[in-house]
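> I have a structure I would like to understand better, so I am pasting it below and will then ask my questions one at a time.
The values are calculated or read from the model by the stated rules, or taken from the named source; none is laboratory data. No experiment lies behind these values; they were computed from the predicted model shown. Don't worry about glycine lacking a Cβ; one is built from the backbone with ideal geometry, like all the others, and counts go over all protein chains shown. We work out accessible area using only protein heavy atoms, side chains counted, and drop any ligands, DNA or RNA first. Shrake-Rupley method; radii C 1.70, N 1.55, O 1.52, S 1.80 Å.
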Amino acid sequence: MSVQTSSSYDALRAAIVSGEIAPDARLVEADVSATFNMSRGAVRTALIRLEQDGLVVREPHRGARVRKVSNEEAVEILQARAVLEGLAARQAAERIDEAGKERLVASLARHRELLDLGDLLGASDANAALHAALLGLSGHGTAQRLIHALHAQTVRYQYRTILIPGRSAASVDEHAAIVEAVIGGRPDDADSAMRRHLFNVAQAVRRQFIPEDIDKASRGTL
C-alpha cells in the first residue's frame, strides 16, 4: 500500500470512527474515490479492511454501508471494556510515577470544570481523554490494542451516556475513585473502580436508550 493510499484509508476510517460518516450511510465507491482521492481498486480494498474491523457491512448487490452498533451490542462491548480497562487501571497503578499522577489529576480536574460549566459534551470528551491517559499509563500493549478495537465499534453509536439523567454526577465520583486508586498505587482498587464504572455505564445504557439525533458526530465517550 502506497503512502498516499494509506493516508487516504486512514482519513476514510477516521471519518467513520468520528461519526462524520454516519451509521447506516451508504459507501458508494465513486463517491468515496472522489472524496478521499483513492482509486476504485483502493476503495474496494479499504472496504474489505473496514469490514474486517467491524466498521463496514458489505451486502451483495447493495454495496457497502457503515455498520450500526445496536443498543444490545453496545452493552456487551461496555462489559468487555470493563474487564480490559480494569486490567489497564491495575497496570497503571503498579507503574504510576509523578508525571503520570499529575496528568491524571489534571484530566480529572478538567472534567469537573466542564461539568461545572454545564458543558456536558465537553465533559464527555474530557472523560475520553482520561480513559486514554489511563490506558497509556498502563503500558499494556495487548489491552491497548483490544480496547482501541472496541472503541472503534462504539464511538459511532450516538449514545452520550453523560446525558442520561444522573450519569454526570455519578461519572465524577466514579472517575475520582479510579484516579485516587491509581495515583495511590492500589492496583486491586483501581481494577475494581474501573470495572464498577463501566458496568454502571452499561446498566445505564440498558435502562435508557439515547435518541440518535442528540449528537450525530458523537464519539460515544463515557
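> Do the conditions hold for L146, that is, is it closer than 17 Å to L198 by Cβ and open to solvent by 10 Å² or more (accessible area, probe 1.4 Å)?
Numbers: closer than 17 Å to L198 by Cβ: yes; open to solvent by 10 Å² or more (accessible area, probe 1.4 Å): yes.
Criteria met by L146.
> Moving to a separate point now. Identify all residues within region 112-135 that are open to solvent by 50 Å² or more (accessible area, probe 1.4 Å), more than 22 Å from A92 (Cα to Cα) and of a type outside the set (G, A, S); write none if there are none.
Answer for region 112-135, where residues must be open to solvent by 50 Å² or more (accessible area, probe 1.4 Å), more than 22 Å from A92 (Cα to Cα) and of a type outside the set (G, A, S): E113, D116, L117, D119, L120, L121.
> Among what's in region 65-111 and is under 17 Å from the mean Cα position of the chain (by Cα) and of a type in the set (K, R), pick the residue that is surrounded by the most Cβ atoms within 10 Å (Cβ to Cβ).
So the residue we want is R81.
> Please identify the pairs in which a residue from region 179-203 that is touching a residue at least 24 places away in the same chain (Cβ under 8 Å) has its Cβ atom under 6 Å from the Cβ atom of a residue that is acidic (D, E) and surrounded by fewer than 17 Cβ atoms within 10 Å (Cβ to Cβ), counting only partners at least 6 apart or on another chain.
Once the first residue is touching a residue at least 24 places away in the same chain (Cβ under 8 Å) and sits in region 179-203, its partners that are acidic (D, E) and surrounded by fewer than 17 Cβ atoms within 10 Å (Cβ to Cβ) give P187/E94.
> Let me ask another. Report yes if some residue within region 136-143 is within 16 Å of S171 (Cβ to Cβ) and surrounded by 19 or more Cβ atoms within 10 Å (Cβ to Cβ); otherwise report no. Walk me through how you get there before you give the answer.
Here is the first cut: in region 136-143, the ones within 16 Å of S171 (Cβ to Cβ) are none.
No, the conditions are met nowhere in region 136-143.
> Does D189 satisfy the condition of being at pLDDT 90 or above and in a helix (DSSP H, G or I)? Before the answer, list the steps.
Numbers: at pLDDT 90 or above: yes; in a helix (DSSP H, G or I): yes.
In short, yes.
> Restricting to region 8-44, name every residue that is open to solvent by 30 Å² or more (accessible area, probe 1.4 Å), assigned to a helix (DSSP H, G or I) and within 26 Å of S70 (Cα to Cα).
Residues satisfying the conditions are D10, A11, R13, A14, V17, S18, E29, R44.
> Same structure again: Looking at region 99-158, which of the residues that are hydroxyl-bearing (S, T, Y) and assigned to a helix (DSSP H, G or I) is farthest from A22 (Cα to Cα)? Reasoning before the result, please.
Let us first name the residues in region 99-158 that are hydroxyl-bearing (S, T, Y), namely 107, 124, 138, 142, 154, 157.
From the residues that got through so far, the ones that are assigned to a helix (DSSP H, G or I) too are 107, 124, 138, 142, 154.
On the way: S107: 29, S124: 19, S138: 32, T142: 29, T154: 12 Å.
Per the stated criteria, the residue is S138.
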